[in-house]
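Data first, discussion second: the structure below is written as structure tokens.
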Amino acid sequence: WTSEQIIDRDKFEIHFHHLKAWTKGMRVVWTFSETPRGVLVAIAPDFRFRVPLLTPIMNPILGDFFIHSVANKTLHCMKAYVEAKADKVAA
């Protein structure tokens, strides 16, 4: 898929607007919050599937696929990248 990404450094958020493919029109906000146990990431999707008749069918499919699969893989990669950079800075 193709998406526009806007990083709001003041709010610790990443805003995604999907521009192509099946997820076209979907908007997602990732919010990052520090906690005593690490960083908590909240993902808030707004699907608005472009074919209203298919919305009840597609929203769960897209939600399960993107939120639970793609987002999880993306977060693991982000975590590895940030931790690798932190190790270099601390050394």
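The values are calculated or read from the model by the stated rules, or taken from the named source; none is laboratory data. Just so we're clear, the structure is a prediction, and the values are computed from it rather than from any experiment. Cβ placement follows ideal geometry from the backbone for every residue including glycine, while neighbour counts extend to all protein chains displayed. Quick note on the areas: whole protein, heavy atoms, side chains included, nothing else; ligands and nucleic acids left out. Shrake-Rupley method; radii C 1.70, N 1.55, O 1.52, S 1.80 Å.
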(message) I need every pair where a residue in the stretch 56-71 that is aliphatic (A, V, I, L, M) has its Cβ under 8 Å from the Cβ of a residue that is exposed (fewer than 14 other Cβ atoms within 10 Å of the Cβ), sequence separation at least 6 or different chains.
(response) Met58/Val51
(request) With the checklist (1) farther than 21 Å from Ala86 by Cα; (2) over 16 Å from the mean Cα position of the chain (by Cα) in hand, flag the one item Asp46 doesn't pass. (result) (2)
(message) Being within 14 Å of the chain's Cα centre (by Cα) and β-branched (Val, Ile, Thr) is the filter here; which residues of the stretch 49-91 pass it?
(response) Ile67, Val70, Thr74
(request) Could you please tell me which pairs satisfy a Cβ distance under 6 Å, a separation of 6+ or placement on different chains, a first residue in the stretch 28-52 that is in contact (Cβ under 8 Å) with a residue 60 or more places away in the chain, and a second residue that is open to solvent by 90 Å² or more (accessible area, probe 1.4 Å)? (result) none
(request) At least 1 residues that are open to solvent by 90 Å² or more (accessible area, probe 1.4 Å) and modelled with pLDDT under 80 in each: list the strands (runs of 3 or more DSSP E) lying fully within the stretch 10-91 that qualify. (result) none
(request) Check Leu62, Leu75, Leu40 and return the single one that is farther than 23 Å from Phe12 by Cα and aliphatic (A, V, I, L, M). (result) Leu62
(request) Provide a single number: the residues in the stretch 12-49 that are touching a Phe, Trp or Tyr at 6+ places or on another chain (Cβ under 9 Å) and among the charged types (D, E, K, R). (result) 5
